[in-house]
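Here's the structure we're looking at; comments come further down.
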Amino acid sequence: MNQPIKVEKTVTINKPADELYRFWHNFENLPTFMKHLKFVKVYNEQRSHWVANAPLGQSVKWDADILEDRENELISWASVAGADVENSGFVSFQPAPVHRGTEVKVVLKYNPPAGALGVAIAKLFGEEPKQQIGDDLRRFKMLMETGEIATTQGQPTGQK
């Protein structure tokens, strides 16, 4: 039995919690800053369908249910039976100290499957899952504070 992997990351964003919560709560927005997600389809108030990139042009899919939804504060979820990757977690939105915006905290737990798919899933989530979630949160911060995600794509590398 594989051990579940837990990832926890927090970023402070200079925007009010209600604005950040509203953007995140529309799960179909998440692929704009989460690079591993291909798309998210919201079925109803509780259930959504997720498709993520996997190595070698493959995809992994799962449905997830919202377990708890406290407006402007917290969204928690868990994948439902039949998921390619069992996962659960929450995102919280709390006022940052000294009126410096909002602390956005993501806690994610997932069970990498065994065998070849497990290896692919490990690669999907990166060698360092905390790094990937941290990168996602930095892109979310950029998007929410500036309206765009800074990128070096298409820029010269400076190498000859």
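Coordinate-derived values only; no laboratory data. These figures come from a predicted structure and were not determined experimentally. Glycine gets a Cβ as well: all are built from the backbone with ideal geometry, and neighbour counts include every protein chain shown.
Are there any trypsin sites (Lys or Arg not before Pro) in region 1-57 that are in a DSSP loop and have at most 16 other Cβ atoms within 10 Å? List them by number.
LYS35
For the pairs LYS9/LYS38; LYS35/LYS130; LYS15/LYS105; LYS38/LYS105, note any where the Cα-Cα span goes beyond 18 Å.
Pairs exceeding 18 Å: LYS9/LYS38; LYS38/LYS105.
Once you compute Rg and the Kirkwood Rh from C-alpha atoms, what is the Rg to Rh ratio for region 1-117? Mind showing how you got there, number by number?
On the way: Rg = 15.0 Å, Rh = 15.2 Å.
Result: Rg/Rh = 0.99.
Based on the Cβ-Cβ distance of ARG70 and THR151, what FRET efficiency does E = 1/(1 + (r/R0)^6) give at R0 = 41 Å, to the nearest 0.05?
Details: r = 33 Å, r/R0 = 0.81.
Rounded to the nearest 0.05, the efficiency is 0.80.
Give, to the nearest whole percent, the P(r) tail of region 9-66 beyond 19 angstrom, counting all Cα pairs. It would help to have the intermediate numbers written out before the result.
On the way: 631 of 1653 pairs.
It works out to 38 percent of all Cα pairs.
Using 7 Å Cα-to-Cβ label points, what is the ILE5/LYS61 separation (nm, one decimal)?
Output for this residue pair reads 2.3 nm.
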